[in-house]
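Colleague: Dropping the structure in here first, questions after.
The values are calculated or read from the model by the stated rules, or taken from the named source; none is laboratory data. What you see is a predicted model; the values in this text were computed from it and never measured. All Cβ positions, glycine included, derive from the backbone under ideal geometry; neighbour counts span all protein chains shown.
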Amino acid sequence: MNFLAHLYLSGTTDDDLLLGNFIADSVPGRQLEAYPPGVQRGIRLHRLIDTYTDQHPVVRRATARLRQAGYGKYAGVISDVFFDHFLARNFAKFSSETLLAFTQRVFALLTAREAKLPARVQQFLPYLVRDNWLLRYADFEGVGQSLSGLSRRASPGSGMETAVVELQRNYAAYEADFREFFPQLQAYVADVIS
């Protein structure tokens, strides 16, 4: 899953867990030991979520559809963005907090602790906040911009910048995948962090 899902799945009561879950992709291997225990727990949670997601049959079905559409090894990254889109579009079904209020709360926490974030995260955080990437996942333009940004960091010819067309073309199928998968992911995370 991408930023929105990881942040949402961190819950609302443990700021260290949320912070660790957010920065995990920028903390390789055992470097997590440099962080306080609560942040380490968030980094580990992020890794568990990624493993669970990548191995889940519903996600594999979605990524197989993306591979058939020509997105090859980037299918997993694209499906993460697609699922964040569906979470953003349906946020009210999963939270009593509005998506806007959620993003404002999360951004306040992240910017208050910016000095403790990995350098890579410090570089993109101002853009994440300024352009409110999390809120923008809810519309096609935001999804397209996210995928275009990812394509600039991928191998030439990834095609990720065109994947929003695939989302529009097979919207019902990807939405069905999300609706089947996400409650199972929520249950898994609730079990892991309890």
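Colleague: Test of understanding: among 101, 92, 64, 24, which residue is within 22 Å of residue 153 (Cβ to Cβ) and at pLDDT 95 or above?
Modeller: It is 24.
Colleague: Taking the stated definitions as given, is residue 52 within 22 Å of residue 16 (Cα to Cα) and at pLDDT 95 or above?
Modeller: In short, yes.
Colleague: So, in region 142-175, how many residues would count as being among the aliphatic types (A, V, I, L, M), without any contact (Cβ under 8 Å) to a residue 60 or more places away in the chain and surrounded by 15 or more Cβ atoms within 10 Å (Cβ to Cβ)?
Modeller: Adding up the residues that qualify gives 1.
Colleague: Among the numbered conditions (1) surrounded by 14 or more Cβ atoms within 10 Å (Cβ to Cβ); (2) assigned to a helix (DSSP H, G or I); (3) of a type in the set (D, E, K, R), tell me where residue 97 comes up short.
Modeller: (2)
Colleague: Within region 62-72, is there a residue that is in contact with a Gly (Cβ under 6 Å, 6 or more places away or on another chain), in a helix (DSSP H, G or I) and free of Cβ contacts under 8 Å to residues at least 60 places away in the same chain?
Modeller: Scanning region 62-72, I find at least one residue that is in contact with a Gly (Cβ under 6 Å, 6 or more places away or on another chain), in a helix (DSSP H, G or I) and free of Cβ contacts under 8 Å to residues at least 60 places away in the same chain, so the answer is yes.
Colleague: What is the one condition in (1) surrounded by fewer than 17 Cβ atoms within 10 Å (Cβ to Cβ); (2) of a type in the set (A, V, I, L, M); (3) without any contact (Cβ under 8 Å) to a residue 24 or more places away in the chain that residue 48 does not satisfy?
Modeller: (3)
Colleague: Scan region 74-91 and give yes if some residue there is of a type outside the set (Asp, Glu) and either touching a Pro at 6+ places or on another chain (Cβ under 6 Å) or surrounded by fewer than 15 Cβ atoms within 10 Å (Cβ to Cβ) (or both), otherwise no.
Modeller: No, region 74-91 contains no residue that is of a type outside the set (Asp, Glu) and either touching a Pro at 6+ places or on another chain (Cβ under 6 Å) or surrounded by fewer than 15 Cβ atoms within 10 Å (Cβ to Cβ) (or both).
Colleague: Moving on. Looking for something among the β-branched types (Val, Ile, Thr), farther than 21 Å from residue 69 by Cα and over 16 Å from the mean Cα position of the chain (by Cα) - is there at least one such residue anywhere in region 182-194?
Modeller: Checked against the condition, which is being among the β-branched types (Val, Ile, Thr), farther than 21 Å from residue 69 by Cα and over 16 Å from the mean Cα position of the chain (by Cα), region 182-194 yields at least one hit.
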